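Quick notes on the structure that follows.
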Amino acid sequence: MKKIVALSLLAYATLHANEINLYTLNVESTLITEVAQNAQTSADVAQALSDNVPSIDMSRRSGIANDILIRGQKRDNITVEVDGTKVYGACPNRMDPPVSHILANQIESIEVIEGPYDVETFGTMSGGIKIKTKKPTKELKGELNVGAGSFNYRKFGFSGSGGNDVIRVSIAASTESSDQYKDGNGDTISDQIDNYAGADSLLQGVRLQPEYQDMPAYTKKSVLAKAFITTAENQELRLSVTANRSDDILYGNSKMDALYDDSNIYSVEYNINNISDTYKNINLQYFHSDVDHPMVTDYRMAATMMPRMKSWLTTNMDGLKLKNSFEVANYKLGLGVDASKRTWDGQYYMNDVMIVGNDINNTTNSMDNAITKNSAIFGTLERTYGGLNVKMGARYDSTTITSDDANQQANDYSAFNANILTTYALNKENKIFLGFGQASRVPDARELYFKQNATSPTGTKFVKVTGTDDLKQSTNRELDLGYEADTDNFRFKFKAFYSMVEDYIYYNKSLAKNNFQNVDVTLYGAELSASIYATDDITIDMGASYKVGQKDNALTNQTETNMADIAPLRGNIAVNYEYMNNSLATLELRASDKWSEIDAENGEQELDAWSIVNAKIKHAINKKFDFTLGINNIFDETYAQSNTYADLILITSTSADVMLMNEPGRYIYTNLDFKF
């Protein structure tokens, strides 16, 4: 009955604002601000986004470094940029998704793009994330942040900024760590593995060794530094570097853990404003990102039963982007060119010795120096006619993907992306919007070329080529529409979408090899958000999302047409009470319907409905000092919110469903923020 009541409330609910302030832009994107100021439970960007944006779900992999889905789309179907730098992870099993390489307490704002409406970024097929980190200021100021929570969670963060008319400099540094969280049953990550493995003789190797069963879940350190230098009037050189270091990250329902995960993000940008009355801006940016990610069996019982295995992958991304902005006769025109090169390489090691050859005891690389080269030209045009605003965008891409493995073919792709967005103001309080877009993305090297060390049900080792080197690129054609009202008493927004993806890239568990194949799919759904200003001090914020995904035809050797990763109806409702000195108290209900529309043939399983209650008080002691106390999952519920699609390599038994990862149980946290 409790879950039925919760879901009846959520049928008309949408987004709360107790963690992050959220402001609506238009049909294609949502802007989230004050991210750093409200990163209180953890610096995990995936957690912050899934808690606060109706269209975003989280895929739990660990206590940190979790992944996101936008309208059921993940991996290369969505893009992630940090200050204009395209970011990728190195792990084919998504242990280090792109959003894990930046910390929430370094972020100023996040733009969430829903749909194929970004022509400036390579590969934005179904959505994207554009992260902007804190900018340096001329004013000398700083902030200290100290946090603690259940499961021995600890964090410390510092940021400072200052300068003069010529140079402005900022730095942000943070460190955080946590023991293994406990679910609502009181089970740690290690306990969850033990419970699943049971007495199955084939699963004893996935258990943590006795000396590692109580090891911390992760440690994470990060530094961000920026310098903005005024070189001439209206001209600025912008330099940025982010270094992220994570160590000993446990991934409960995977067969390996991350020994470390190191990433670097660099950007050199030159910006000129107000070149003439017509030529408003030119911006040239070089960017680089790299990730070093070794996965190991060192902490598992497998390392005592057979040689220690390591899958070591690295990736590098280099890019150059030139953008120009013009204003001509009430038209806003943008023109740009874009070029990038991504290298992805991976090797297998046995007892720290690289393995070479053609069989499992002497195997090939997991990824043989796969290189993706892209070049593109893009443009945007915007014009307002009274209450009607019209935006258009177009992009042409040319992409080549190669591998050093002579047995795997190279591929060339070209694509034309375009969109049009219209917003019409019925009056100053109400508007409607309509958008249509087409965008494509190429297969990544994992989908084309990846080779996996695998074990048969009888324990036989073999090399499995999961990549399919003749995949077509995927193309999304999508219609978005909606309505928004903003009055003195409430805000309300409704968005609906209908998406047809041609040659969607899907993992087929039924195939012995070359598991990725193209299939046409259809997705549709809706999102609601509302805020009711009950009194001057009380606001009720609500949110919900619902989506459906279907393959147009079943995959080879299969009969089901349900798409994987399509979470059921979910939402939340929160009551916020603002009291003296801008202090805020929040009580929130979050809930999800039963996950019953699944792709069982590809590893998914039915998940129970769930509901949890959270509470938080953020007390402003004065203008410079805030104190926060919160409790998530007050009633210590046991639940799982992410499913087990075989696209991820997870722990699997021959006699049971794939291992789930339960969410954390009751979590109590406190935070101190001091500004100076």
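The values are calculated or read from the model by the stated rules, or taken from the named source; none is laboratory data. Computed from a predicted structure; not experimentally measured. Note that each Cβ is placed from the backbone with ideal geometry, even for glycine, and that neighbours are counted across all protein chains shown.
Annotation for region 146-159: no member residue is touching a Pro at 6+ places or on another chain (Cβ under 7 Å), among the small types (Gly, Ala, Ser) and at pLDDT 95 or above. Please tell me if residue 194 is modelled with pLDDT of 95 or more and surrounded by fewer than 20 Cβ atoms within 10 Å (Cβ to Cβ). Against the criterion (modelled with pLDDT of 95 or more and surrounded by fewer than 20 Cβ atoms within 10 Å (Cβ to Cβ)), residue 194 qualifies. Of the residues making up region 633-645, not a single one is modelled with pLDDT of 95 or more, in contact with a helix residue (DSSP H, G or I) (Cβ under 7 Å, 6 or more places away or on another chain) and not hydroxyl-bearing (Ser, Thr, Tyr).
For region 201-259, the set of residues classified as touching a residue at least 60 places away in the same chain (Cβ under 8 Å), surrounded by fewer than 19 Cβ atoms within 10 Å (Cβ to Cβ) and touching a Pro at 6+ places or on another chain (Cβ under 9 Å) consists of 202, 227, listed by residue number. Does region 611-622 contain at least one residue that is farther than 19 Å from residue 149 by Cβ, touching a Leu at 6+ places or on another chain (Cβ under 9 Å), buried (at least 18 other Cβ atoms within 10 Å of the Cβ) and at pLDDT 95 or above? Within region 611-622, one or more residues are farther than 19 Å from residue 149 by Cβ, touching a Leu at 6+ places or on another chain (Cβ under 9 Å), buried (at least 18 other Cβ atoms within 10 Å of the Cβ) and at pLDDT 95 or above.
Taking each residue of region 309-338 that is closer than 30 Å to residue 351 by Cα and looking for partners that are surrounded by fewer than 20 Cβ atoms within 10 Å (Cβ to Cβ) and among the β-branched types (Val, Ile, Thr) with beta-carbon atoms closer than 7 Å, six or more apart or interchain, yields 315/343; 316/343. Considering only residues that are in a strand (DSSP E or B) and basic (Lys, Arg), look in region 371-430 and name the one that is nearest to residue 124 (Cα to Cα). Here the residue is 395.
For region 355-373, the condition holds for no residue, the condition being that it is crowded, with 17+ Cβ neighbours inside 10 Å, closer than 30 Å to residue 435 by Cα and modelled with pLDDT of 95 or more. Contact map, region 528-539: first residue part of a strand (DSSP E or B), second residue loosely packed, with under 12 Cβ neighbours inside 10 Å, Cβ cut-off under 8 Å, separation 6 or more or different chains; pairs are 532/489; 533/488; 533/489.
When you scan region 52-63, do you find a residue that is modelled with pLDDT under 85 and surrounded by fewer than 21 Cβ atoms within 10 Å (Cβ to Cβ), even just one? Within region 52-63, none of the residues are modelled with pLDDT under 85 and surrounded by fewer than 21 Cβ atoms within 10 Å (Cβ to Cβ).
If you go through region 82-100 and keep only what is touching a helix residue (DSSP H, G or I) at 6+ places or on another chain (Cβ under 9 Å) and over 25 Å from residue 467 (Cα atoms), you end up with just 82. Just name the residue that is nearest to residue 354 (Cα to Cα) out of those in region 283-316 that are small (Gly, Ala, Ser) and part of a strand (DSSP E or B). So, considering only residues that are small (Gly, Ala, Ser) and part of a strand (DSSP E or B), the one nearest to residue 354 (Cα to Cα) is 311. Every listed requirement among (1) over 29 Å from residue 481 (Cα atoms); (2) surrounded by fewer than 16 Cβ atoms within 10 Å (Cβ to Cβ) is met by residue 515 save one, (2).
The rows are residues; the columns are (1) modelled with pLDDT under 95; (2) buried (at least 24 other Cβ atoms within 10 Å of the Cβ); (3) closer than 24 Å to residue 61 by Cβ.
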residue: 98; (1), (2), (3): yes, yes, yes
residue: 101; (1), (2), (3): yes, yes, yes
residue: 107; (1), (2), (3): yes, yes, yes
residue: 124; (1), (2), (3): no, yes, yes
residue: 143; (1), (2), (3): yes, no, no
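Here residue 280 meets the list (1) under 30 Å from residue 213 (Cα atoms); (2) of a type in the set (D, E, K, R); (3) touching a Phe, Trp or Tyr at 6+ places or on another chain (Cβ under 7 Å) almost entirely, failing just condition (1).
Residues in region 469-503 that are in a strand (DSSP E or B) and either of a type in the set (A, V, I, L, M) or free of Cβ contacts under 8 Å to residues at least 40 places away in the same chain (or both): 479, 481, 485, 492, 494, 496, 498, 500, 501, 502, 503.
The number of residues in region 265-314 that are touching a helix residue (DSSP H, G or I) at 6+ places or on another chain (Cβ under 9 Å) and under 26 Å from residue 83 (Cα atoms) comes to 3. Of the residues making up region 65-94, those that are of a type outside the set (D, E, K, R), part of a loop (DSSP other than H, G, I, E, B) and within 12 Å of the chain's Cα centre (by Cα) are 65, 66, 72, 78, 87, 88, 89.
Tallying residues that are part of a strand (DSSP E or B), touching a residue at least 24 places away in the same chain (Cβ under 8 Å) and surrounded by fewer than 18 Cβ atoms within 10 Å (Cβ to Cβ) within region 145-170 yields 6. Scanning region 598-609 for residues that are surrounded by fewer than 16 Cβ atoms within 10 Å (Cβ to Cβ) and either acidic (Asp, Glu) or farther than 25 Å from residue 649 by Cβ (or both) yields 606, 608. Among the residues in region 317-340, are any within 26 Å of the chain's Cα centre (by Cα), among the polar types (S, T, N, Q), outside any loop (DSSP other than H, G, I, E, B) and farther than 20 Å from residue 120 by Cβ? Checking region 317-340: not a single residue is within 26 Å of the chain's Cα centre (by Cα), among the polar types (S, T, N, Q), outside any loop (DSSP other than H, G, I, E, B) and farther than 20 Å from residue 120 by Cβ.
Quick grid of which residues meet (1) over 24 Å from the mean Cα position of the chain (by Cα); (2) at positive phi; (3) at pLDDT below 95; (4) assigned to a strand (DSSP E or B):
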{"residue": "211", "(1), (2), (3), (4)": "yes, no, no, no"}
{"residue": "215", "(1), (2), (3), (4)": "yes, no, no, no"}
{"residue": "230", "(1), (2), (3), (4)": "yes, no, no, yes"}
{"residue": "237", "(1), (2), (3), (4)": "yes, no, no, yes"}
{"residue": "240", "(1), (2), (3), (4)": "no, no, no, yes"}
{"residue": "243", "(1), (2), (3), (4)": "no, no, no, yes"}
{"residue": "251", "(1), (2), (3), (4)": "no, no, no, no"}
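Right, residue 323: among the basic types (Lys, Arg) and under 23 Å from residue 93 (Cα atoms) or not? The answer is no for residue 323. Among the numbered conditions (1) closer than 30 Å to residue 256 by Cβ; (2) within 23 Å of the chain's Cα centre (by Cα), the only one that residue 593 does not meet is (1).
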